[in-house]
């Protein structure tokens, strides 16, 4: 598996869904090696159980590596001149790492189109998973050329949403090569803990109404809307608290906005927390809020539904494929503060609706069969199909 991001240590929030997929593939009988960028303070060779991890350096000293991790490559390119300077070296070294570490592998499964471009030079059967930001947030001519090569070179292109499948087809990729393959969720991990126990373990107030955001606190997630929402909801009783689990380049701006609006005491940023804490945070909250401007098919929404929590999110990307508006949560148009706030307030005012929608969300995830074991089994079917076609066996 070739990717631009992967957990750097156990519990790392970054790319955790890829570790879940890798472990499920191992459980299904595959041998998995992950090749990804290095970050300072982590080893070049690593293991997560049976998952073999190899990391490539792209700048020395390690402390100068700015392109990967942090707020993600698209965000880093917008905010860091050094990240922009590192692009050519990163591309060359990722291409070299793909060739080196795939020599004894049967196929390469690339995550995001930049990885697909690098993997296209490895001389191996290639699967490419498109996840959203690679097609939607990379607008430069170079990015489009790289993604077009990746799409053209892949034996199969997997998309995590139907929305992305349409986008890939619009690029001229034949329909027979494009498959919708969503992410999964660990159904056993979510929903085991009650709200009261979760709040006690996280030291959260027992009686407060809590709106949770979890993920990259980056411009594409539009997190400043949460401070505006908190200010508006502060006019009503009881006043809810907004908790953010995650970090990123928009944290200072969000905190400044909250201070300017006088809601710093009700907008609390906890930074990235270990991934194993996520079931607790989702059990502890009353609502998951996701005000994104763009999405692929957000796994945090799946996790909230698995935890029986209603979702208020924007109608972007593959999010409407998960949230049934009015049944498992509410969908609003992006960047509409009033509509977003109104949807959250409605759920805060109606505890029975929160419970009903949360339970409906859990049922929907179960009905869709979106557990990681099922997702891994479908991936293996595609792997075997591609290998059989390539070898003629």
Looking at residue 44, is it at pLDDT 95 or above, over 22 Å from the mean Cα position of the chain (by Cα) and under 22 Å from residue 22 (Cβ atoms)?
-> yes
Some residue of the stretch 186-193 being farther than 29 Å from residue 73 by Cβ, part of a loop (DSSP other than H, G, I, E, B) and in contact with a strand residue (DSSP E or B) (Cβ under 9 Å, 6 or more places away or on another chain) = yes
For residues that are modelled with pLDDT of 95 or more and out of contact with any helix residue (DSSP H, G or I) (no Cβ under 6 Å at 6 or more places or on another chain), tally how many sit in the stretch 236-249.
-> 2
Subset of the stretch 166-185 [more than 17 Å from the chain's Cα centre (by Cα) and either buried (at least 22 other Cβ atoms within 10 Å of the Cβ) or not in a loop (DSSP other than H, G, I, E, B) (or both)] | 166, 167, 168, 169, 170, 175, 176, 177, 178, 179
Among the residues of the stretch 27-42 satisfying the criterion of being free of Cβ contacts under 8 Å to residues at least 60 places away in the same chain and within 16 Å of residue 54 (Cβ to Cβ), which is surrounded by the fewest Cβ atoms within 10 Å (Cβ to Cβ)?
-> 31
Hey, which of the helices (runs of 4 or more DSSP H) in the stretch 251-342, taking only ones fully inside, have at least 3 residues that are assigned by TED's automatic domain parsing to the domain that holds residue 235 and in contact (Cβ under 8 Å) with a residue 40 or more places away in the chain?
-> 278-284, 299-306
In the stretch 316-328, is there at least one residue being in contact with a strand residue (DSSP E or B) (Cβ under 9 Å, 6 or more places away or on another chain) and within 26 Å of residue 203 (Cβ to Cβ)?
-> no
Under the condition of being over 24 Å from residue 180 (Cβ atoms) and in contact with a helix residue (DSSP H, G or I) (Cβ under 8 Å, 6 or more places away or on another chain), which residue from the stretch 315-337 is surrounded by the most Cβ atoms within 10 Å (Cβ to Cβ)?
-> 330
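The values are calculated or read from the model by the stated rules, or taken from the named source; none is laboratory data. This is a predicted model, so every value here is computed, not measured. Neighbour counts are summed over all protein chains in view; Cβ atoms, including those assigned to glycine, are modelled from backbone coordinates with ideal geometry.
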